[in-house]
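The structure appears right after this line, and notes come after that.
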Amino acid sequence: MPGYHPPVRSRITHLIFFGVAALFGVVTAAAAFLLNTYRAPPVDPDWALPPAQSIPAEAVTVRYTGTATLVFSDGETSWMTDGWFSRPGPLRIFFGKIEPDLDAITRGLERNEVDELAAVFPLHSHYDHAMDAPEVAKRTGALLLGSESTANIGRGWGLPEDQIRVVTNGEPIALGKFTLTPIELRHFQFPDPDMAERALGDPDIKAPLTPPVGAFDYKVGKAYALHVAHPKGTWLILGSAGFVEGALEPYDADVVFLGVGALGSQTDAYRETYWRESIDSTNPSRVIPIHWDSLTGPIEGPFTGMVRGAALLSKGDDELLQFLKAKEAANPEIQFLTLPRYAPVVLF
Ligand SMILES: [Zn+2]
């Protein structure tokens, strides 16, 4: 008996339908692969510090969430930089609106074992530094420290004025035994002119900013390096890979937390100047690179490098790792270290 043959027209319709469905599946899978899978981060696994087995009384400890979010404590006083835990994805950053992820903030504070903070200091006002800080201040009683732009992020979130303090360039702030000195520097200079204009043009947030808003509504404000002195030691935190010639010359640091975000996309000359101004100027014995992990990667588990889609467009991470390895080889007196996620490490 002859088999059933559907009419030719119907077969063509089926073919088109399955063809389109298959193409849609392939495109969706490719997009998901490019946007949601990550390369290895641009740091040497040999630099990884293990979590502290035990913490001596009066030790100064540091905990790292990723990007430039660090918690410092000497057992009496705790404070943090940035306090950023939300991780909006690339589509929302470039095409949508963003706002603090309250559950991520809850988890982040829990994982850092933070309930009370003297201060939270966003190193500048871009979303990946300052967006969550007012909520962190609300939950922990912290003072929100930073530029007028950061203050306006606090005001827009409803943080009371008595929990907001605008800092002055070079003027020290005492938090228990910690003395924090903000030093105004330039933010990292994006080589791409469009990106530079979006991220750095018209730099100030001039009125209270209430999310949800576009990611680039979190304008840079002022970019600070933070010098910290404690009876146990000194350190410098660079949230962004920018510099002002000679600005750090007056400061010494035992440890430099070196912001390296996007540094791989810069020229050799820029990288060399950044190193000279940040490291040669302050003479540390330990360098701890920060802000090398993905801005959109998971907030738990191992740190990741950039998403594959971004890696296709730029070789930045490879260049960054090569630069850091070359600096390690050329400076054997300096120890290169990276921090574990959330677990405390004894700094001094
Ligand atoms: Zn920035």
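The values are calculated or read from the model by the stated rules, or taken from the named source; none is laboratory data. These numbers come from a predicted model, not from an experiment. Backbone-built Cβ (ideal geometry, glycine too); neighbour counts: all protein chains shown. Please note that ligands, DNA and RNA were not included when accessible areas were found on the heavy atoms of the full protein model with its side chains. Shrake-Rupley method; radii C 1.70, N 1.55, O 1.52, S 1.80 Å.
The set of residues in region 107-116 being assigned to a loop (DSSP other than H, G, I, E, B) and either within 15 Å of the ligand (Cβ to nearest atom) or surrounded by fewer than 24 Cβ atoms within 10 Å (Cβ to Cβ) (or both) consists of GLU113, VAL114, ASP115, GLU116.
Within region 50-78, the residues that satisfy the criterion of being modelled with pLDDT of 95 or more and closer than 16 Å to VAL255 by Cβ are ALA59, VAL60, THR61, VAL62, ARG63, TYR64, ALA68, LEU70, VAL71, PHE72, SER73, ASP74. Any residue that is touching a Pro at 6+ places or on another chain (Cβ under 6 Å) and modelled with pLDDT of 95 or more - is there at least one of those in region 205-222? Yes, region 205-222 contains at least one residue that is touching a Pro at 6+ places or on another chain (Cβ under 6 Å) and modelled with pLDDT of 95 or more. Taken residue by residue, region 273-288 has at least one member that is basic (Lys, Arg) and over 24 Å from SER86 (Cβ atoms).
Listed here are the residues, each with its yes/no results for (1) in a loop (DSSP other than H, G, I, E, B); (2) of a type in the set (Asp, Glu); (3) open to solvent by less than 70 Å² (accessible area, probe 1.4 Å).
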{"residue": "ASP128", "(1), (2), (3)": "no, yes, yes"}
{"residue": "ALA137", "(1), (2), (3)": "no, no, yes"}
{"residue": "SER149", "(1), (2), (3)": "no, no, yes"}
{"residue": "ASN169", "(1), (2), (3)": "yes, no, no"}
{"residue": "PHE190", "(1), (2), (3)": "yes, no, yes"}
{"residue": "ALA199", "(1), (2), (3)": "no, no, yes"}
{"residue": "ILE205", "(1), (2), (3)": "yes, no, yes"}
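The set of residues in region 217-230 being within 11 Å of the ligand (Cβ to nearest atom) and either more than 20 Å from the chain's Cα centre (by Cα) or not in a strand (DSSP E or B) (or both) consists of TYR218, LYS219, VAL220, GLY221.
Scanning region 296-342 for residues that are outside any helix (DSSP H, G or I) and over 20 Å from ALA241 (Cα atoms) returns GLY297, PRO298, ILE299, GLU300, GLY301, PRO302, VAL307, PRO332, GLU333, PRO340, ARG341, TYR342. Within region 104-118, residues that are under 19 Å from THR296 (Cα atoms) have Cβ atoms under 6 Å from residues that are assigned to a helix (DSSP H, G or I) in these pairs: ILE105/GLU135, counting only partners at least 6 apart in sequence or on another chain.
Looking at region 48-64, I want the residues that are closer than 13 Å to GLY75 by Cα and have a partner that is open to solvent by 80 Å² or more (accessible area, probe 1.4 Å) and assigned to a loop (DSSP other than H, G, I, E, B) with Cβ atoms under 7 Å, at least 6 apart or on another chain. Which pairs are those? Going by the 7 Å Cβ cut-off, the qualifying pairs are VAL60/LYS232; THR61/ILE55. Scan region 197-215 for residues that are without any contact (Cβ under 8 Å) to a residue 12 or more places away in the chain and among the acidic types (Asp, Glu) and report the count. Going through region 197-215 one residue at a time, the tally reaches 1. Selection within region 238-268: residues that are of a type in the set (Ser, Thr, Tyr) and over 18 Å from ASP318 (Cβ atoms). The member of this set that is nearest to the ligand (Cβ to nearest atom) is SER240.
The set of residues from region 207-236 being open to solvent by 50 Å² or more (accessible area, probe 1.4 Å) and of a type in the set (Ser, Thr, Tyr) comprises just one member, THR210. Looking only at region 240-271, residues that are open to solvent by 40 Å² or more (accessible area, probe 1.4 Å) and over 13 Å from PRO191 (Cα atoms) come to 7 in all.
Name the residues in region 22-54 that are within 21 Å of HIS291 (Cβ to Cβ) and open to solvent by less than 40 Å² (accessible area, probe 1.4 Å), would you? Within region 22-54, PRO41, PRO42, VAL43, ASP44, TRP47 meet the criteria.
Here ILE183 meets the list (1) within 27 Å of GLU272 (Cβ to Cβ); (2) within 15 Å of the ligand (Cβ to nearest atom) almost entirely, failing just condition (2).
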